[in-house]
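One structure is given here, and the rest of the page talks about it.
A short reminder: the numbers here are calculations on the coordinates, not readings from a lab. Since we're looking at a predicted model, the values are computed, not measured. Neighbour counts run over all protein chains shown; Cβ positions are idealised from the backbone, glycine included.
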Amino acid sequence: MVIAVAKNAKLIYGIRFLLGLFESSSYPGFAYILGCWYGPDELAKRMGIYDLAGYAANIFAGYLQAAIYAGLNGAHGIAGWRWMFIIDGIIGFPIAIWGYISIPDFPNNTRAIWLTKKDREISLLRMRAMGKKDPKKLTVKRVYHMFFKSWRPWPFLVSYVMLWITGTSSYFNLWLKSLKIYTTEEINIIPTGGYGLGMVVGFLLANLSDRTQMRWPWLMFATFIRFLGALLLAIWNLPIGVIFFANFCSYMGEPVWSLLLTWAAEEFQDDSELRGMLAAVGNSLGAAMNMWLPLVIFPTYQAPHYSCGYIVVSCLDVVDFAALLAFLYFAKKERKKRSLVINAYGLAVDRDEYLRELSQHVGIRDMTVETGDDALDSPDSKNLKQEKN
């Protein structure tokens, strides 16, 4: 809202810097929290819903911008773009208060007023039965070993950074404007169809991912959609309908974010701090790359046909494919090396720790945890019962 009263560009730069500084933790923070509360048959849908909320916001923003430009531009001597920030502030303030009240932190330390004592006990028990670890003290030595003595962060980070720098949806409006057949309102509204398609694809892939309890096939499919769109735009000399489809592909490929974060949350469930840091480090690296790369490969004077940009993006999507395959390969190799077992929730866990957790929490059935009931019928739990007898 403060931007609405800014008198010069320098003040806007300063406000945008502070906005980016304070909001930088929101996406990785929410992703981390969701990963601490939900299991394999639940998490992708929740991550997907979180992403879909962003798509819905962009759809709403498109229509809001069009309405403000048409109805409030110049009202009371205030430009339309200033009205946009005023209304954003009015909408955002109560949501910020609601977020402070409703965000539950983690199962082991939640103080959310809307959770009962039994809810908290069940949540903590569920996570421990799944094999998720509570947060531990984070030291410099742990961070060093986490990032420089292990394969774990790097395939994820490469893929995550590729997602940052391979999006092409922001150039859709420039192409629409170049056609010179659409009004300003229409140029703001047409891209909302892409966000709508992204919502549909995101919902379908998240549900399929949870139903199959597999992440990488659907992640590869979403990445292919992004690649296909960039490839078609690189070719460029195509019918207008194909160019429309190619631009929409960037929106339809957006589920890659939620699926990648879901995969990492489950694959690294034994390291709470790593899960928390991955998206944060990925956001920092991605933002650093995004500050300069688009300026180089998408120079303004080439708009809307970026002869180099779309080719580079297509190649980077191939790098993304390679990173995902490396993630899959090293994850399977680690499971074999550490002799991990798949528990009743479909997660890879240390066998001895899993059996120990089952023996310590024999009352899980009495607490009527839906997913927990199946855990007691797993092959490992049956072996445990036989050992006790």
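Starting from a Cα-only point model with no solvent, please compute log10 I(q)/I(0) by Debye for the chain at q = 0.07 1/Å.
-0.38
Would you mind putting 119-128, 202-211, 14-23 in packing order, based on average other-beta-carbon counts within 10 Å, highest first?
202-211, 119-128, 14-23
Over segment 179-286, with a single point scatterer placed on each C-alpha, what log10 of the ratio I(q)/I(0) does the Debye formula yield at q = 0.10, 0.11, 0.13, 0.15 1/Å?
One equal scatterer on each Cα of segment 179-286 leads to -0.39, -0.46, -0.61, -0.76.
Each residue of segment 300-311 in order: what ³J(HN,Hα) in whole Hz does its phi give by Karplus 6.51 cos²θ - 1.76 cosθ + 1.60, θ = phi - 60°, with x for Gly and Pro?
4, 5, 8, 4, x, 9, 9, 4, 9, x, 5, 5
Could you tell me whether segment 281-335 comes out rounded, prolate or oblate from its Cα gyration tensor? Rule is a ≥ b ≥ c as square roots of the eigenvalues, rounded for a/c under 1.5, then prolate if a/b exceeds b/c, otherwise oblate.
In terms of gyration-tensor shape, oblate.
Which links in LYS136/LYS337; LYS137/LYS336; LYS149/LYS332; LYS45/LYS133; LYS141/LYS337 stretch past 20 Å when you go from one Cα to the other?
The answer is LYS136/LYS337; LYS137/LYS336; LYS45/LYS133; LYS141/LYS337.
How much net charge surrounds SER250 when only the other residues with a Cβ under 13 Å from the Cβ of SER250 are counted, with Lys and Arg +1 and Asp and Glu -1?
Neighbour charge sum, excluding SER250 itself: -1.
Between segment 133-178 and segment 27-89, how far is it from one alpha carbon centroid to the other, in angstrom?
22 Å
Of MET146, GLY77, GLN65, which is farthest towards the positive pole of the chain's charge dipole, taken about the Cα centre with +1 and -1 on the beta-carbons of Lys, Arg and Asp, Glu respectively?
Farthest along the dipole direction, towards plus: MET146.
If the only charges are +1 at each Lys and Arg Cβ and -1 at each Asp and Glu Cβ, what is the size of the charge dipole of segment 258-358 around the Cα centre, to the nearest 20 debye?
Rounded to the nearest 20 debye, it is 300 debye.
Quote the Stokes-Einstein diffusion coefficient, in whole µm² s⁻¹, for segment 243-349, based on the Kirkwood radius over alpha carbon pairs, a temperature of 37 °C and a viscosity of 0.692 mPa s.
197 µm²/s
Compute the separation of the alpha-carbon centres of segment 101-120 and segment 230-247 and state it in Å as a whole number.
So the separation of the two Cα centres works out to 48 Å.
Restricting to DSSP H runs of at least four residues, report the calculated mean residue ellipticity at 222 nm for the chain, -39500 (n - 2.57) per run over all residues, nearest 500 deg cm²/dmol.
So the helix-based figure for the chain works out to -23000 deg cm²/dmol.
Please give the charge dipole size of the chain, origin at the Cα centre, charges +1 on K and R Cβ atoms and -1 on D and E Cβ atoms. Round to the nearest 20 debye.
860 debye
Enumerate the whole-percent occupancy of each 5 Å bin, from 0 to the last occupied one, for all C-alpha pair distances of segment 86-193.
2, 8, 9, 8, 10, 13, 14, 13, 9, 7, 5, 2, 0
So what are the ³J(HN,Hα) numbers for segment 231-243, from phi and the Karplus equation (6.51, -1.76, 1.60; θ = phi - 60°), rounded to whole Hz, Gly and Pro as x?
5, 5, 5, 5, 5, 6, 6, 9, x, 4, x, 5, 5
Could you tell me the convex hull volume per residue, in Å³, taken over the Cα atoms of segment 26-81?
83 Å³
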